[in-house]
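Everything below concerns the one structure shown next.
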Amino acid sequence: MRWVSWCITVVIHKDRSPRVTDSSLFSVVAGSAEPIYRQLVAQVRRCVAGGQLKAGDELPSVRDLAQSLAVNPMTVSKAYGLLEAEGLVTRRRGLAMVIAEQHRRAQPAADRIDLLRPTLERAAQEVRQLQLPAAQALILFKTILNEQEGD
């Protein structure tokens, strides 16, 4: 009688860079006056400033993000190129873009507020143009904040 022995090798690959697969981090407003690539750049800046994205986190591929947002891949590529030029992300040949090493933790609150201020100034201008009472706009803003926290 002949015995046959088998050897099974299991290779476990641990990816050292967490992937950003949560597409809710990225969204675009097609009708906005701000170009889509700038919207994406601003969103990545805010996510890094707020600590949602940290050093070593991988961004979605150009193709995947373009498909999930239904935009041209060149638009995403342009945004990624600008982020790389700023030093916010690092390109790795043949691999995903990652958040650069110097972004290990969230920025101080004052810096994050500076990032938010232009958005709130535009919202305040729209409230004035629509001639809405400030109290009503603040109630709406609080409602929107609470809706987002509930998700």
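The values are calculated or read from the model by the stated rules, or taken from the named source; none is laboratory data. A quick note: this is a predicted structure, and the numbers were derived from the prediction, not measured. Cβ atoms come from the backbone with ideal geometry, glycine included; neighbour counts cover every protein chain shown.
Can you tell me which condition N72 does not meet? The list is (1) farther than 24 Å from G31 by Cβ; (2) over 16 Å from the mean Cα position of the chain (by Cα), and all the others hold.
The number of the failed condition is (1).
Pairs needed: first member in segment 34-45, in a helix (DSSP H, G or I); second member anywhere, crowded, with 18+ Cβ neighbours inside 10 Å and of a type in the set (F, W, Y); C-beta distance under 7 Å; at least 6 residues apart or different chains.
Note: pairs meeting the criteria are L40/F26; Q43/F26.
Restricting to segment 108-124, name every residue that is over 18 Å from the mean Cα position of the chain (by Cα) and of a type in the set (A, V, I, L, M, F, W, C).
Hits for segment 108-124 are A109, A110, L120, A123, A124.
From T75, T143, grab the single residue that is loosely packed, with under 11 Cβ neighbours inside 10 Å and among the hydroxyl-bearing types (S, T, Y). Reasoning before the result, please.
Working: T75 fails: loosely packed, with under 11 Cβ neighbours inside 10 Å.
Only one candidate passes the filter, namely T143.
Got a number for residues in segment 107-134 being in contact (Cβ under 8 Å) with a residue 40 or more places away in the chain and of a type outside the set (A, V, I, L, M)?
3
Quickly run through segment 17-33 and pick out the residues that are outside any loop (DSSP other than H, G, I, E, B) and either in contact with a helix residue (DSSP H, G or I) (Cβ under 8 Å, 6 or more places away or on another chain) or modelled with pLDDT of 80 or more (or both).
Result: S23, L25.
Here is a list of conditions, (1) surrounded by 16 or more Cβ atoms within 10 Å (Cβ to Cβ); (2) within 16 Å of the chain's Cα centre (by Cα); (3) at pLDDT 90 or above; (4) of a type in the set (A, V, I, L, M, F, W, C), and V127 meets all of them except one; can you say which number that is?
It is condition (2) that V127 fails.
For segment 73-121, how many residues meet the condition of being among the hydrophobic types (A, V, I, L, M, F, W, C), in a loop (DSSP other than H, G, I, E, B), modelled with pLDDT of 85 or more and in contact with a Gly (Cβ under 8 Å, 6 or more places away or on another chain)?
1
Please find, among E84, E34, E58, the residue that is among the acidic types (D, E), closer than 30 Å to A110 by Cβ and crowded, with 19+ Cβ neighbours inside 10 Å.
E58
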